[in-house]
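Trainee: One structure, pasted below without further comment.
The values are calculated or read from the model by the stated rules, or taken from the named source; none is laboratory data. Since we're looking at a predicted model, the values are computed, not measured. For neighbour counting, all protein chains shown are included, and Cβ atoms are generated from backbone atoms with ideal geometry for every residue, glycine included.
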Amino acid sequence: MNNKIKLAVAGAVLSAASVANAGIVIPAGDWTLDVNGNVNIFATMTKADDTATVAGGIATIKDGAGEDTKFSMGTGLLPAWLGFTGTTRQNDLDVSFTISIQPSTSDNSSTGDGGTMLTRQAFITFGDASWGTVKMGKDLGIFASDAILNDITLLGVGAAPTGGITTLGGIGNGYLYPAFRGQIAYTTPNMNGLQITAGITNPDQGQDTSGLADYDDRFGVEAKAVYSVGNGKIWVGGSSYDVADSDGDYDATAAEIGANFNVGNLGLTAYYYSGEGNGAGNGLNRLGNLANEREQDGGYLQATYVIASGTKLGVAVATSSQDLASGETAGATDAFESNDRWTVGAYHPLTKHLNLVAEYNNIESEDHQGDSAESSHLNLGAILFF
């Protein structure tokens, strides 16, 4: 199984007994091919409490007819996934490639066939344990990657109902989206528990789509340092972009700190981020068109516990908040004040690879005009890793 999916499983919610250590491994001459992925499906029942439209809010609101209940079905925060990773050792280098595709399991179109196929990974790596690893290609971003990989909603739904390609999980309500970015990155060898990753990334994601701004002053820069000790880790990270849009250039910067520790059957995660100029509304794009550089911060606290049956129980509280920029009015696009979430979930390993999931999320959104909305979401489904 490729490293990102391994981290998603091991670091998020599943008990060790339910985690497959690899995908389908096939020797192929000089190469070893690992075919891996997941299929997940969730039935979601949503109850909306309010009618007010909240600028940048992620809580579901009642429809125009006043109906407050919605039913939908589809993938959760993780899309269905099919990945291929090839590894070999050549000229004293560990060399690998990873290519993956992500179909949706359903959508809300009349035929259920309207979902767009995602292509989130296409990268190579080369290196050696003595000096580190270089990655080149498209993969999950460096900044905020540990935040999303340790979030319990990663193997569930979190914010926003199913029926699209993916849901929001904790994106915009606990952390910024790391996104899948073209990148050239270097990771140091393990230095007594410390590893540092730094890279340049594609700066064009999230810019103005009008065609009026097509140039950048530099690449994006992202980095993180992770210190692992015992059954836990602490990480810090940062990102910096010089973003161009039709209103001019602006800087989008962010910093983070997080920790995850496991003691026996108990797991604890704490995370905080702060930044400015980053989009954090109801879209997945982290770099929004915010030329006035709104300030944002947020984070989440999370606890999990594995009971005797092997079921992992989890609870989390999370928030993302955003200030108005200088000169902005309270009704500006996506100018939310806060998006808050609390989550409870149960994740039962029916087999080594197959897990049943029951998750409840409460979402509350508020904007700077004083409008607020609250909704609740019950999600029942399953996720299978191979």
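Trainee: Answer yes if at least one residue in the stretch 74-86 is of a type in the set (Ser, Thr, Tyr), more than 15 Å from Thr166 (Cβ to Cβ) and in contact with a strand residue (DSSP E or B) (Cβ under 8 Å, 6 or more places away or on another chain), and no otherwise.
Mentor: Yes, because at least one residue in the stretch 74-86 is of a type in the set (Ser, Thr, Tyr), more than 15 Å from Thr166 (Cβ to Cβ) and in contact with a strand residue (DSSP E or B) (Cβ under 8 Å, 6 or more places away or on another chain).
Trainee: Taking the condition under 25 Å from Ser72 (Cβ atoms), touching an Asp or Glu at 6+ places or on another chain (Cβ under 7 Å) and at pLDDT below 95, does Ala325 pass?
Mentor: No; evaluated as a whole, the condition is false for this residue.
Trainee: Sticking with this one: Restricting the stretch 305-329 to residues that are among the aliphatic types (A, V, I, L, M), in a strand (DSSP E or B) and over 20 Å from the mean Cα position of the chain (by Cα), which is farthest from Gly156 (Cα to Cα)?
Mentor: Of everything passing the filter in the stretch 305-329, Val306 is farthest from Gly156 (Cα to Cα).
Trainee: Can you name the residue in the stretch 173-184 that is in contact with a Ser or Thr (Cβ under 6 Å, 6 or more places away or on another chain) and assigned to a strand (DSSP E or B) and is also farthest from Gly298 (Cα to Cα) among such residues?
Mentor: Step by step, filter the stretch 173-184, then rank; the result is Gln183.
Trainee: Report whether or not Ser326 is surrounded by fewer than 17 Cβ atoms within 10 Å (Cβ to Cβ) and within 30 Å of Gly264 (Cα to Cα).
Mentor: Judged against the criteria, Ser326 is not a match.
Trainee: Quick one: is Leu82 surrounded by 14 or more Cβ atoms within 10 Å (Cβ to Cβ) and assigned to a strand (DSSP E or B)?
Mentor: The answer is yes for Leu82.
Trainee: Looking only at the stretch 222-233, filter to residues that are farther than 21 Å from Lys138 by Cβ and surrounded by fewer than 18 Cβ atoms within 10 Å (Cβ to Cβ); which one of those is modelled with the lowest pLDDT?
Mentor: Gly230
Trainee: Return the residue satisfying two criteria in turn: it lies in the stretch 289-304 and is closer than 23 Å to Val236 by Cα and either aliphatic (A, V, I, L, M) or not in a strand (DSSP E or B) (or both), and of such residues it is modelled with the lowest pLDDT.
Mentor: Glu293
Trainee: Restricting the search to the stretch 116-148, which residues are of a type outside the set (Ser, Thr, Tyr) and outside any strand (DSSP E or B)?
Mentor: Those that are of a type outside the set (Ser, Thr, Tyr) and outside any strand (DSSP E or B): Met117, Ala129, Trp131, Gly141, Ile142, Phe143, Ala144, Asp146, Ala147, Ile148.
Trainee: Something else about it: Based on this model, can you work out whether Lys70 counts as more than 30 Å from Phe386 (Cβ to Cβ) and part of a strand (DSSP E or B)?
Mentor: yes
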